[in-house]
Amino acid sequence: MVSRLAFVCLLSCLAMAGCASRPPSDLEAVKTAYVPLAGKPSLAGDDQVEEVGAFSAFGTTRRGKGFGSLAGRTLKVGSISEIRLADKEVILTFDDGPIPAKTDRILATLRHYGVKATFLMVGQMAVHYPAIAQRVAAQGHSIGGHTYNHASLAGRGYTQALTDIANGNAAVARVTGAPVGFFRFPYLADTAALRQAASARGLVILDVDIDTKDYFKLSPETLAANTMARVRAKRKGIILMHDIHGRTADMLPLLLSELKAGGYKVVALQFRRSRMPQALVVAASEETGPRQM
C-alpha cells in the first residue's frame, strides 16, 4: 500500500492536469474532495449515496426505464482500427477514477439511462477504492488502464513507460477481476513507438474525439451545452470525461438527455482479445504487483 503522502501527491496531479491541462485554481477544491477513506466503503452505504439526489434536479429516480432508447449497439473490438462509428454514434469514457461518491453518482446516471461506458482507471485509485472499482465492472462497464499513478509517458524512457502501463493495468485487473483491454495515455501524451508497442501487446488505445473539458470550473449547464456543440460539429466520436469531478456527475444527466433528444446512440465497447498479446514487462506480473512510485 502506498503511503498517504504519495496518494495525496497523486490526487494533486490529477486535479492539476488529468488528460489535458487543468487550471491551477482547480487544485484546492479537488484536493479537498479527495480525502482517502479510513476504511473500505461499504456496498450498501455507497448505494444509498447514489440513491439520494442523483436526479433531484429532474424529479426522477435512477430506476426509470424510459431512457433505454439512448443505448445503441455493442461494439466488440480487439484493435484500434476496429472502433468505427456511424453517424450519431458516441462512446462515453471516464478517466482518472474511481473516487467515492462521484463515481457512484455517474454509475447511477448510466443505469438510469440504460447505457454503458468505458472507465480508464488509475491503478493507484483502484487500489485505494476497490469496492467502487469492482462495482464499475460488476455493472457491465468496460475497464481500461491509465497507468499506475497517472504518469506522463511521453517524456519517460521507453522501458519505464511500458512498465508504468503494465503496473497500472495489473493493479486494475487484480482489483476488478475484469480484463483490462483498453488504455488511454495520461495527458494524451504518447509517442509513435509507445502506441505501436501498446497495440502490439494487445491493448486497444482510446483517443479522444470530443473533449468535455470538465477539468475547468464551469457550471454543469455550460459543460453540457459546450459538449453538445462539439458533438453536433463532429457528429460522432469518443467523448472524454473524468469521474473525479462533482461537476461531471452533475452534468452527465443533462448531456445524456440532450443526446437522446438529438437522436444519438451510445455505443458500448467490449474488449475482444484477438491474439495472444506480448507481455508488456515481466516485472509487472500479477505476482510482483505494481511498483511503488
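Where a number appears in this text, it was derived from the coordinates with a stated rule and is not lab data. Because the structure is predicted, anything quoted here is derived from the model rather than measured. Positions of Cβ are backbone-derived with ideal geometry, glycine not excepted, and every protein chain shown enters the neighbour counts.
Ordered by the count of other Cβ atoms within 10 Å of each Cβ, fewest first, ILE83, ILE132, ILE143 give ILE83, ILE143, ILE132. In the structure shown, the pairs LYS217/LYS265; LYS116/LYS236; LYS88/LYS116; LYS76/LYS236; LYS116/LYS265 are assessed against 22 Å; a Cα-Cα span above that value is assigned to LYS217/LYS265.
Taking θ as phi - 60° and the Karplus parameters 6.51, -1.76 and 1.60, the scalar couplings of segment 251-266 work out to 6, 4, x, 5, 5, 5, 5, 5, 4, 4, 4, x, x, 7, 10, 9 Hz in sequence order, x denoting glycine and proline. Placing a pseudo-label 7 Å from each Cα along the Cα-to-Cβ vector at GLU82 and ARG235 gives an inter-label distance of 2.6 nm. Computed from the C-beta positions of SER219 and ALA261, the FRET efficiency with R₀ = 25 Å rounds to 0.80. Residues whose amide H falls under 5 Å from that of LEU75, counting only those 5 or more places apart or on a different chain, are ALA268, LEU269, GLN270, with hydrogens built in the peptide plane. Taking the number of Cβ atoms within 10 Å of each Cβ as an exposure proxy, the fewest-first ranking of SER142, SER81 is SER81, SER142.
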